[in-house]
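A quick write-up on the structure given underneath.
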Amino acid sequence: MNPLYEQMKTSVFERMSNLAVERGAVNLGQGFPDFGWPEEILDAAANALRDGSNQYPPSRGLMALRDAVATHYNRYQGLSLSADHVCVTSGATEALGAAIFATVQAGDEVILLTPAYDSYAPMVRSAGAIVREVALQPPGWRIDAAALEGAITPKTRAIIFNNPHNPAGRMFEREELETLARIAREHDLIVISDEVWEHVVLSDQPFVPLSSLPGMAERTIKVGSAGKIFLLTGWKVGWMIGSPELAAVVARAHLFINFSTPPNLQSAVAFGLEVGEPWIAAMRPRFTRARDRLVGGLRDAGFDVIGGEATYFVCVDLAASGIAMDDESFALAAVEQAGVAVIPLSAFAADDPPRHLVRLCFAKKDETIDAGIAAMARAKELLG
Ligand code: PMP
Ligand code: GLN
């Protein structure tokens, strides 16, 4: 057996969701909406299932979806993409895996900015490469040029970057992107840029794709997900974008991980990207209201809350909220005794992670948010 998998706990998302179901708790842990997916896109999928092909599509994706993804980014992010830059994958998770396997070899080093989404490190290690963590410091979570440069060695091959950032709930500033880009150019690194949260930006700042910075298009593999754009997290339709040369190599890794992604869901996502502008525009006010409801309720209950500028997550600082417990103990006690599931942030780093923060998801109906706030208030009474 491979000790990497033999010794691993299940994912923190799976663990907390299972506990929430077992205990009948409100689930503000794993990030998935409990409202609001577009009916027209579901109809498009149902029609494609009945009337379209149910056999293997081309490995790189239906041309209609590859074209729709390229057109979408050209329109929203001013990129100059064509279908040659796109490979459709089974969710962003598969795109990340394929990007890692395609670019990294045994013995290479890969930098992760922690807290880092949980799939990155196991995939890097499966490729035989070494994870180098660079810790972003709460509550600002800013990129520190000296810390990043200090982690680079002659063996460094890639940086895995996530913007907007899960679980911090922030979008990096242009100056931070420029720092990262400069370092990548100077050290000739690939950047795998996980931009799945690109449309869930709740501030007035525009989202800037990393590949749009000078000298970055040829070294950036951008990762996106329809699950996040259309609130359909279970569909697992994602993609990676790169220069035609990079995309061709990542597409070969994808050949042997999953080969292809269900064609009917691909058709429906292509349709969604073509007609989805009002849908995407509605996301910001809808999530802003949800965030304000959750943050307001938590603050009224005496919690110190950070983040909420992007993604659909905020973090509670336990220490600053008068709770002298580590995040993992709090998360277990909260789901078992107070009836609310949250995500402990220490799951997102291996080297000395912060242990005073938990993440809460606000992509929920008002009643779910209100029940979550009431349960968090109970947790504070019981555990504070
Ligand atoms: N990266 C990040 C930062 C995420 O938050 C998520 C899902 N929440 C993913 C990747 C995985 O996306 P998918 O479900 O499309 O595989
Ligand atoms: N990305 C989701 C989150 O951050 C979880 C996805 C999963 O469970 N694999 O909550």
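The values are calculated or read from the model by the stated rules, or taken from the named source; none is laboratory data. Remember, it's a predicted structure, so these values are computed and weren't measured experimentally. Positions of Cβ are backbone-derived with ideal geometry, glycine not excepted, and every protein chain shown enters the neighbour counts. Note: areas computed on protein heavy atoms with side chains; ligands, DNA, RNA excluded. Shrake-Rupley method; radii C 1.70, N 1.55, O 1.52, S 1.80 Å.
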Heads up, the helices (runs of 4 or more DSSP H) in the stretch 1-112 (entirely inside) with at least 1 residues that are over 19 Å from Ser225 (Cβ atoms), among the hydroxyl-bearing types (Ser, Thr, Tyr) and open to solvent by less than 80 Å² (accessible area, probe 1.4 Å) are 91-103
In the stretch 132-145, anything open to solvent by less than 40 Å² (accessible area, probe 1.4 Å) and farther than 23 Å from Gly169 by Cβ is listed as none
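Go through the stretch 300-311 and count every residue that is out of contact with any strand residue (DSSP E or B) (no Cβ under 6 Å at 6 or more places or on another chain) and either open to solvent by 50 Å² or more (accessible area, probe 1.4 Å) or hydroxyl-bearing (Ser, Thr, Tyr) (or both). Steps first, please.
Quick first cut of the stretch 300-311, residues out of contact with any strand residue (DSSP E or B) (no Cβ under 6 Å at 6 or more places or on another chain) only: 300-302, 311.
Narrowing the set further to residues that are either open to solvent by 50 Å² or more (accessible area, probe 1.4 Å) or hydroxyl-bearing (Ser, Thr, Tyr) (or both) leaves 300, 311.
Here the count works out to 2.
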Determine whether Phe362 is at pLDDT 95 or above and under 25 Å from His199 (Cβ atoms).
-> yes
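Yes or no, residue by residue, for (1) more than 16 Å from ligand 1 (Cβ to nearest atom); (2) open to solvent by less than 30 Å² (accessible area, probe 1.4 Å); (3) among the hydrophobic types (A, V, I, L, M, F, W, C):
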residue: Asn166; (1), (2), (3): no, yes, no
residue: Glu198; (1), (2), (3): no, yes, no
residue: Gln205; (1), (2), (3): yes, no, no
residue: Gly224; (1), (2), (3): no, yes, no
residue: Phe230; (1), (2), (3): no, yes, yes
residue: Gly238; (1), (2), (3): no, yes, no
residue: Glu245; (1), (2), (3): yes, no, no
residue: Leu255; (1), (2), (3): yes, no, yes
Residue identified as more than 16 Å from ligand 2 (Cβ to nearest atom), of a type in the set (A, V, I, L, M), closer than 30 Å to Arg219 by Cα and modelled with pLDDT of 95 or more among Leu4, Leu79, Leu42, Leu49 | Leu79
Subset of the stretch 181-196 that is away from ligand 1 (no atom under 16 Å from the Cβ) and either hydrophobic (A, V, I, L, M, F, W, C) or assigned to a loop (DSSP other than H, G, I, E, B) (or both) - its residue that is surrounded by the most Cβ atoms within 10 Å (Cβ to Cβ) = Ala184
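What residue, among those in the stretch 162-180 that are part of a loop (DSSP other than H, G, I, E, B) and of a type in the set (A, V, I, L, M, F, W, C), is nearest to Val358 (Cα to Cα)? Outline the logic, then answer.
Residues of the stretch 162-180 that are part of a loop (DSSP other than H, G, I, E, B), as a first pass: 163-164, 166-169, 171-173.
Add one more test, that the residue is of a type in the set (A, V, I, L, M, F, W, C), and what stays is 168, 171-172.
Working: Ala168: 10, Met171: 19, Phe172: 20 Å.
Applying the filter and picking the extreme gives Ala168.
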Which of the residues spanning the stretch 124-141 are touching a strand residue (DSSP E or B) at 6+ places or on another chain (Cβ under 9 Å) and part of a loop (DSSP other than H, G, I, E, B)?
-> Ala127, Ala129, Leu136, Pro138, Pro139, Gly140, Trp141
What about Leu332, is it surrounded by 21 or more Cβ atoms within 10 Å (Cβ to Cβ), under 20 Å from Ala20 (Cα atoms) and away from ligand 1 (no atom under 16 Å from the Cβ)?
-> no
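Residue under question is Leu81, and the condition is that it be hydrophobic (A, V, I, L, M, F, W, C) and within 18 Å of Ala268 (Cβ to Cβ); does it hold? Explain how you work it out, then say what you get.
On the way: hydrophobic (A, V, I, L, M, F, W, C): yes; within 18 Å of Ala268 (Cβ to Cβ): no.
It is false that Leu81 is hydrophobic (A, V, I, L, M, F, W, C) and within 18 Å of Ala268 (Cβ to Cβ).
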Select from the stretch 262-295 the residues that are open to solvent by 50 Å² or more (accessible area, probe 1.4 Å) and either hydroxyl-bearing (Ser, Thr, Tyr) or in a loop (DSSP other than H, G, I, E, B) (or both) and list them in ascending order.
-> Pro262
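Taking the stretch 234-249 as the search range and keeping residues that are assigned to a loop (DSSP other than H, G, I, E, B) and within 16 Å of the chain's Cα centre (by Cα), which one is farthest from ligand 2 (Cβ to nearest atom)?
Residues of the stretch 234-249 that are assigned to a loop (DSSP other than H, G, I, E, B), as a first pass: 236-237, 242-243.
Next, only the ones that are within 16 Å of the chain's Cα centre (by Cα) stay: 236-237.
Numbers: Lys236: 10, Val237: 14 Å.
Restricting to residues being assigned to a loop (DSSP other than H, G, I, E, B) and within 16 Å of the chain's Cα centre (by Cα), the top hit is Val237.
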